[in-house]
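S.K.: This is the structure, below, for whatever I ask next.
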Amino acid sequence: MNNTFYFPHDYDAANDDKVLQMRSEKGLVGYALFWLCLETMAKNENGYIMTTLLGGLSIGYGTTKEELKVFIDYCVGIGLFCLDQNGFFSPRMMEHKNFRKTLSINGKQGADKRWKNSPPIRPPIDTPNA
């Protein structure tokens, strides 16, 4: 089973005001780091990048821990990311994750309701080998 999920990527994200500001300062390397961070946030169940993981993430991102920290702090400063006691996060990603969680809960409730009202499924009948 493929456990690859997706999150919406606005087709004009490169021209968002805050992204443009970040790109003007950090260039295409910054744009790549931005999407790497978002992908990491999307993979993490709570939607955060924990500050204690920056060293390991920097290796995967092809940068140094210090450069990654400076980049993320810059993104916090311009409002692309936020920081709280749990780490760094994207408000937009959190909206998406909350929406997906709501869909999942509603889907499970719908399935429970459907199967609760369905007759039991009979086991298959064994047939002798001919």
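What follows is calculated from the coordinates using simple rules that are stated; it is not laboratory data. As the structure is a computational prediction, the values presented were derived from the model and not from experiment. Cβ placement follows ideal geometry from the backbone for every residue including glycine, while neighbour counts extend to all protein chains displayed.
S.K.: With a sphere of radius 15 Å drawn around the Cβ of GLU67, what net charge do the other residues whose Cβ falls strictly inside it have (Lys, Arg +1; Asp, Glu -1)?
M.R.: Cβ neighbours under 15 Å give a net charge of 0.
S.K.: Next up: Can you tell me the length gained on complete extension of the stretch VAL76 to ILE125, counting 0.36 nm per residue apart and subtracting the Cα distance?
M.R.: Extra length available between VAL76 and ILE125 comes to 11.4 nm.
S.K.: Evaluate the distance, in nm, between pseudo-label points positioned 7 Å from the Cα of LYS116 and of GLN85 along their respective Cα→Cβ axes.
M.R.: 3.6
S.K.: Continuing with this model, one more query. Modelling each spin label as a point 7 Å along the Cα-to-Cβ direction, I'd like the GLU45/GLU95 distance in nm, to one decimal.
M.R.: 2.6
S.K.: Now, a different point. How do the peptides 49-57, 24-32 rank, highest first, by the average count of neighbouring beta carbon atoms within 10 Å per residue?
M.R.: 49-57, 24-32
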